[in-house]
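Data block below; observations after.
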Amino acid sequence: MNRNRLIRIDRATPPRGYDTPPPPPAVRTAADVVALIEHQVGAVVRDPRVSTAERARAISSLARAALAAIQLAAIEDRVAALEATLGRRDAP
């Protein structure tokens, strides 16, 4: 077997004394995506097997995804507010 494959298999199994994190929250909205990313950042931070460089890369990637999800959530809120305003104008 390839050494890198062995390392990945080893990392897939939590070490002794490491608590398995709870399952991630369900994803239905942009806000759910933000919650999921927060959950994953916490998992990366708590994982003792992750090196500092790997942790930094993972958190950087998750932060970019979180920013995009936060921006999308703001747009969803604005669209909902516009739809509510326009709905009131259309009502007799």
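Each reported figure results from applying straightforward, stated rules to the coordinates on display, with no laboratory input. Please read these numbers as outputs of a predicted model, since none were measured by experiment. Methodologically, a virtual Cβ is constructed for each residue, glycine included, from the backbone with ideal geometry; neighbour enumeration extends over all protein chains shown.
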A correct Karplus calculation of ³J(HN,Hα) over region 67-74, with 6.51 cos²θ - 1.76 cosθ + 1.60, θ = phi - 60°, whole Hz and x for Gly and Pro, returns 4, 4, 5, 5, 4, 5, 4, 5
For 55-63, 29-37, ranked highest to lowest by mean beta-carbon neighbours within 10 Å, the order is 29-37, 55-63
